[in-house]
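Report on the following structure.
The values are calculated or read from the model by the stated rules, or taken from the named source; none is laboratory data. Please read these numbers as outputs of a predicted model, since none were measured by experiment. With ideal geometry, Cβ positions are generated from the backbone for all residues, glycine too; neighbour counts draw on all protein chains shown.
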Amino acid sequence: MIKAVILFAIGLVLLIKGGDWFVDGAVGIAHKYHIPEILIGATVVSIGTTIPEVMVSSIAAGLGQSQTAYGNAIGSCICNTALIAAITMCAKSYAEVNTKTFRIPILFFFLAAAIYAGVAYTTGTFSRIVGIILLLIFAIYMTITIRQAFSGKLEMDEEEEEEGEEKPMWKNIVLLILGAAVIAVGADLLVDNGQVIAYGLGVPESVIALTFIALGTSLPELVTAITSLVKGHSSLSLGNIVGANLFNLVLVSGMAVTIHPFSIPADKVIGGMNASLVLDIPVMLFVMAFMTVPALLTKKIRRYQGIILLAIYFCYIAFQFFF
């Protein structure tokens with residue numbers, strides 16, 4: 001058990017460092033093409049910070065650990081929004097939102113969420129066809145956003161144009177490759193030892209996936225959010241959160257289901273019903289709507305939203321372990 005905890009912690013450290021390197025390389029390359037930060041956050045950085053979830057869920061699916069593959073994607077969406085984005089919101093009384101670039105990833109997220117929830121509540125089984133559909137949504141989203149970026153419809157903000165000296169392209173490429181490799185090793189350690197810890201603590205594997213593993217694979221998003229706040233680039237952070245949540249549904253889940261179809265884990269129930277249908281999916285949809293709908297309507301994200309989201313997250317975690 002002690003060995004598993006140590007290896008689990010090492011896996012988290014590798015995920016954080018690997019994600020940091022990957023994001024640095026990705027942003028460096030994207031900036032050379034003068035892509036706006038919120039778009040970089042919703043595409044390139046989101047892919048980079050979602051790679052831990054992709055690796056963890058794909059490895060878990062390949063090993064037949066459906067609880068981890070499923071719980072990691074849902075748990076990461078909740079963690080990204082109700083913890084990481086909430087921290088970003090609490091840092092300012094309000095933040096301006098560029099709805100022109102924010103709107104597309106939000107619409108795609110709720111489209112994917114509708115398909116995801118529809119399958120969960122009707123059949124309860126994610127077939128390989130569902131996985132392929134989710135991956136197609138990912139491909140369509142990337143095509144639309146990339147075309148939008150290179151068509152000149154989106155312009156960089158003045159502060160983005162005044163970024164410091166860029167790293168050489170070869171350094172960015174090395175960071176990308178090295179970061180991806182380190183993430184892969186960390187994800188493998190996380191999956192293997194997360195299951196051991198779940199058995200040792202006597203809690204369902206899905207709870208470990210929804211909490212510890214989800215938080216661990218979301219740490220790159222947390223690092224990006226904090227770094228963006230320190231540097232005064234909240235748009236990058238918010239774009240990254242929305243993009244990462246979309247990718248958790250279409251890329252992470254799509255890859256996992258395509259590799260190994262699975263049913264919704266039923267190892268925890270609430271009132272005789274599957275806990276995921278009663279709690280996890282509704283919470284994921286609510287926190288995302290609570291963050292994005294006011295932003296689209298008012299073009300601002302306010303501190304009170306962050307405070308409420310943090311309260312929801314801590315109540316959700318407490319419920320997972322004590323009820």
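The single condition among (1) farther than 24 Å from Phe321 by Cα; (2) surrounded by fewer than 24 Cβ atoms within 10 Å (Cβ to Cβ); (3) modelled with pLDDT of 80 or more that Val54 does not satisfy is (2). Scanning the range 256-285 for residues that are aliphatic (A, V, I, L, M) and crowded, with 24+ Cβ neighbours inside 10 Å yields Ala256, Val257, Met284. Residues in the range 231-264 that are at pLDDT 80 or above and touching a Pro at 6+ places or on another chain (Cβ under 8 Å): Val242, Gly243, Leu246. For the range 291-307, a residue qualifies if it is touching a residue at least 60 places away in the same chain (Cβ under 8 Å), outside any strand (DSSP E or B) and either among the acidic types (Asp, Glu) or surrounded by fewer than 16 Cβ atoms within 10 Å (Cβ to Cβ) (or both), and the qualifying residues are Leu296, Lys299, Arg303, Ile307.
Selection over the range 170-209 of residues that are under 18 Å from Gly75 (Cα atoms) and free of Cβ contacts under 8 Å to residues at least 40 places away in the same chain gives a count of 1.
Restricting attention to the range 97-120, the residues that are closer than 18 Å to Thr81 by Cβ and not in a helix (DSSP H, G or I) add up to 1. Filtering the range 64-103 to residues that are modelled with pLDDT of 80 or more, farther than 25 Å from Thr217 by Cα and surrounded by 22 or more Cβ atoms within 10 Å (Cβ to Cβ) leaves nothing. Here the condition is being under 24 Å from Tyr316 (Cα atoms) and in contact with an Asp or Glu (Cβ under 7 Å, 6 or more places away or on another chain); of Ala289, Ala244, Ala275, Ala295, it holds for Ala244 alone.
Considering the range 160-171, the residues that are modelled with pLDDT under 80 and not in a loop (DSSP other than H, G, I, E, B) include one that is farthest from Val23 (Cα to Cα), namely Glu161. The set of residues in the range 293-316 that are closer than 16 Å to Asn80 by Cα and modelled with pLDDT under 90 contains only Ile301.
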